[in-house]
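Below is one structure, written out as structure tokens; comments come after it.
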Amino acid sequence: MNTSVNEKIRNIAIIAHVDHGKTTLVDALFRQSGTFRENQEVDDRVMDSMDLERERGITIAAKNCAVYWKDIKINIIDTPGHADFGGEVERSLVMADGAVLLVDASEGPLPQTRFVLKKALERGLTIMVVVNKIDRKDARPQEVLDEVYDLFIDLEATDDQLDFPVLYAIGRNGVAQHTLEEEGTDLTPLFDAIIEQIPPPRYDAAAPFQMLVADLGYSDFLGRLAIGRVINGHAKQNDSLVCIGEGGAVKPLRVTRLQTYRGPSVVDALDAAPGDTIVLSGIEDVTIGDTICTAAAPKALPRITVDEPTVSMKFAINTSPLAGREGKIVQSRKILERLERECLSNVAIKVEQSEDKDSFLVKGRGEFQMAILIETMRREGYELSVSRPAVIYKEENGKRLEPIERVFVDCDETFLGVVTEKLSIRKGRMVNLVNHGKGRVRMEFSVPSRGLIGYRDEFLTDTKGTGIMNSYLEGYEPHRGDFPTRFTGSLVADRQGMGVAYGIFHLEPRGEMFITAGDPVYEGMIVGEHNRDNDLDINPCKEKKLTNMRASGKDENCVLTPIRPMTLERAIHFVRDDELVEVTPLSIRLRKAELSATKRHILAGQRKKSS
Ligand SMILES: Nc1nc2c(ncn2[C@@H]2O[C@H](COP(=O)(O)OP(=O)(O)OP(=O)(O)O)[C@@H](O)[C@H]2O)c(=O)[nH]1
Ligand SMILES: [Mg+2]
């Protein structure tokens, strides 16, 4: 092998726990490298370009971009910090030679810091640590840095890896500095450190063109785009190449267009150079992990592997009596096609046909990732029904093992009791408790993943929005036994019709209502949460009987309690195993899987008998 380096390029991924300031830092890198015209109006968090990313204020998909510093091109991948999108980080690290690990100067390393750092160390990347947000009033940068060292040691970093460069930054102000004492003025120290510390890409100068596809895109003009890093060699427009798919199938392709990154967008490239990240068009049938190379030397690179999915949900056609009224796309074949398309570009998602023809088992990294996929689909016009997320068990020596998470809780000590109680009902065990004596406690639990589904919302309510909870997948353990997913029953409509103020008003004492006057209902639809633990069939369409002796105005006096909007996430967490969420572009409804009250009663009777 004739190893050379491409001094003109650096490839970095920016990695961190959620909200530690990755995307904001990329904004500043753009601004200070002259990516934008002077006076150009640019939004905050440019890289969060998807609608849902902007609405939620979080990064969902890892994205490439590039800046120039002193004639050197720095390819940057802005990655998501939410654990459910961890697959995106794993996928993007194959394009990088180094990683900038951001750590919030107040929060310190958190579970996803651990996950992303572990993945980066495993790939042998050179790591730079940036203690970010040192402007926070509660910043404790020195302590945080110590915690980062501890984390490296805990992850068995080599001596070389432990010798990481450190910078302190206020990403939002575009400032980085080497020490806490100095007063930084801009990001020059960070740019320089990237150029000096991150190794330039290495390649085999004698090898022909070879590229690893790490992402897919789509353009109306160019069709499917294969995005990835050039490992060796060069390529030009019109070159005839081949793509090696999973299993070794070789497909020919002609390069119709070559592009590389400049700022957040792409520009045409005459030549794809080794080490650079390129966007290649000319092949429709390509997936992440494929190798694109020359026909003369068709050698596949190792495929991209990511961690296994941990939760699954059933996606099926919408079979409610209201099906097909609000969505454009309703057929199961279309739903399957859409899900298969998702699998192409979303490496952490897998789809399987389930036993019945009309439903599919979708597997992913967490219920939030699932909710984002469902939300994306409903915005595209799909209607479907989805089940409660279930964790994926493992079988080992005939024993059923379940995923266990290590949960870190930081909350006011007054909530210690309620948090501990709720987690122990869910078969969680406390493993550590630290009371700093300042009114706040830090607790550590080991909890089955299935106990955490839907618990986050409750946790926030229980701690009055002030608690912080983080977790990571610790491993698998023997099943810890059953516990109820919900301690309340459902209020179930017993007929088709429309919610009436009078009827709903008189049901309010029974529990929290999900519908209001004028909302359509059907038999088997869940219209509220029952205060008791059993389901109750009720009639929300009931009208006041009109009598001749009508006291004026009395029947209009039903002032309904305002309902909390039913969000997709709340719905997914609410439903039990015998219930479904009906999703359309306009509505989120809850329903019993079996709509007929009679059939449900027969089923319940049978269950009682057999138990
Ligand atoms: N105080 C302070 N806040 C910052 C700084 N940088 C970013 N923030 C804030 O931190 C929040 C999260 O910023 P993002 O850039 O979206 O964080 P992120 O790491 O990209 O988040 P994900 O991609 O969702 O993991 C935003 O409200 C920012 O305004 C900083 O230097 N100081
Ligand atoms: Mg981000």
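The values are calculated or read from the model by the stated rules, or taken from the named source; none is laboratory data. Keep in mind that what you see is a predicted model, and the values were worked out from it rather than measured. Glycine gets a Cβ as well: all are built from the backbone with ideal geometry, and neighbour counts include every protein chain shown. Accessible surface areas use protein heavy atoms only, side chains included; no ligands, DNA or RNA. Shrake-Rupley method; radii C 1.70, N 1.55, O 1.52, S 1.80 Å.
Residue count for region 217-241 under the criterion of being buried (at least 19 other Cβ atoms within 10 Å of the Cβ) and either part of a strand (DSSP E or B) or among the charged types (D, E, K, R) (or both): the result is 10. When residues in region 122-150 are screened for being away from ligand 1 (no atom under 16 Å from the Cβ), open to solvent by 20 Å² or more (accessible area, probe 1.4 Å) and not acidic (Asp, Glu), 5 of them pass. Taking region 350-364 as the search range and keeping residues that are among the hydrophobic types (A, V, I, L, M, F, W, C) and open to solvent by less than 10 Å² (accessible area, probe 1.4 Å), which one is farthest from LEU216 (Cα to Cα)? Top of the filtered list is PHE360.
Going through TYR168, TYR203 one at a time, which residue ends up being assigned to a strand (DSSP E or B) and within 16 Å of ligand 1 (Cβ to nearest atom)?
Step by step, each of TYR168, TYR203 is checked, and only TYR168 is assigned to a strand (DSSP E or B) and within 16 Å of ligand 1 (Cβ to nearest atom).
What's the total number of residues in region 474-494 that are touching a helix residue (DSSP H, G or I) at 6+ places or on another chain (Cβ under 9 Å) and in a loop (DSSP other than H, G, I, E, B)?
7
Go through region 242-275 and count every residue that is small (Gly, Ala, Ser), touching a residue at least 40 places away in the same chain (Cβ under 8 Å), farther than 29 Å from ASP44 by Cα and surrounded by fewer than 22 Cβ atoms within 10 Å (Cβ to Cβ). So the answer is 3.
Whether a residue is within 24 Å of the chain's Cα centre (by Cα) and open to solvent by 40 Å² or more (accessible area, probe 1.4 Å) was assessed, and GLU340 passes this test.
The condition of being open to solvent by less than 50 Å² (accessible area, probe 1.4 Å), under 30 Å from ALA323 (Cβ atoms) and hydroxyl-bearing (Ser, Thr, Tyr) holds for SER490.
Could you say whether any residue in region 73-81 is within 14 Å of ligand 1 (Cβ to nearest atom) and surrounded by fewer than 20 Cβ atoms within 10 Å (Cβ to Cβ)? No, that holds for no residue. Contact annotation: residue pairs with Cβ atoms under 6 Å, 6 or more positions apart or on different chains, pairing a residue in region 567-581 that is without any contact (Cβ under 8 Å) to a residue 60 or more places away in the chain with a partner that is crowded, with 17+ Cβ neighbours inside 10 Å, are ALA571/VAL581; ALA571/ILE588; ALA571/LEU590; ASP578/ALA593.
Is there a residue in region 315-328 that is open to solvent by 30 Å² or more (accessible area, probe 1.4 Å) and in contact with a strand residue (DSSP E or B) (Cβ under 6 Å, 6 or more places away or on another chain)? Scanning region 315-328, I find no residue that is open to solvent by 30 Å² or more (accessible area, probe 1.4 Å) and in contact with a strand residue (DSSP E or B) (Cβ under 6 Å, 6 or more places away or on another chain), so the answer is no. Mind checking whether some residue in region 100-107 is farther than 15 Å from ALA16 by Cβ, more than 22 Å from the chain's Cα centre (by Cα) and surrounded by fewer than 22 Cβ atoms within 10 Å (Cβ to Cβ)? No, every residue in region 100-107 fails to be farther than 15 Å from ALA16 by Cβ, more than 22 Å from the chain's Cα centre (by Cα) and surrounded by fewer than 22 Cβ atoms within 10 Å (Cβ to Cβ). Which residues, taken from region 28-44, are within 11 Å of ligand 1 (Cβ to nearest atom) and either farther than 18 Å from ARG172 by Cβ or surrounded by fewer than 19 Cβ atoms within 10 Å (Cβ to Cβ) (or both)? Within region 28-44, just ASP44 meets the criteria.
For LEU452, are the conditions met, namely being closer than 23 Å to GLU396 by Cβ, surrounded by 19 or more Cβ atoms within 10 Å (Cβ to Cβ) and either in contact with a strand residue (DSSP E or B) (Cβ under 8 Å, 6 or more places away or on another chain) or of a type in the set (Asp, Glu) (or both)? Considered against the rule, which asks whether it is closer than 23 Å to GLU396 by Cβ, surrounded by 19 or more Cβ atoms within 10 Å (Cβ to Cβ) and either in contact with a strand residue (DSSP E or B) (Cβ under 8 Å, 6 or more places away or on another chain) or of a type in the set (Asp, Glu) (or both), LEU452 comes out as yes.
At least 3 residues that are of a type in the set (Val, Ile, Thr) in each: list the helices (runs of 4 or more DSSP H) lying fully within region 384-472 that qualify.
416-425
Among the residues of region 302-313, just one is farther than 17 Å from LEU212 by Cα, among the polar types (S, T, N, Q) and in a loop (DSSP other than H, G, I, E, B), namely THR310. Taking each residue of region 158-173 that is under 13 Å from VAL26 (Cα atoms) and looking for partners that are open to solvent by 30 Å² or more (accessible area, probe 1.4 Å) and of a type outside the set (Asp, Glu) with beta-carbon atoms closer than 8 Å, six or more apart or interchain, yields ALA169/LYS133; ALA169/ILE134; ILE170/LYS133; ILE170/ILE134; GLY171/THR24; GLY171/LYS133; ARG172/THR24; ARG172/LYS133. Is it true that some residue in region 9-22 is in contact (Cβ under 8 Å) with a residue 24 or more places away in the chain, open to solvent by 70 Å² or more (accessible area, probe 1.4 Å) and more than 8 Å from ligand 1 (Cβ to nearest atom)? Checked region 9-22: no residue is in contact (Cβ under 8 Å) with a residue 24 or more places away in the chain, open to solvent by 70 Å² or more (accessible area, probe 1.4 Å) and more than 8 Å from ligand 1 (Cβ to nearest atom).
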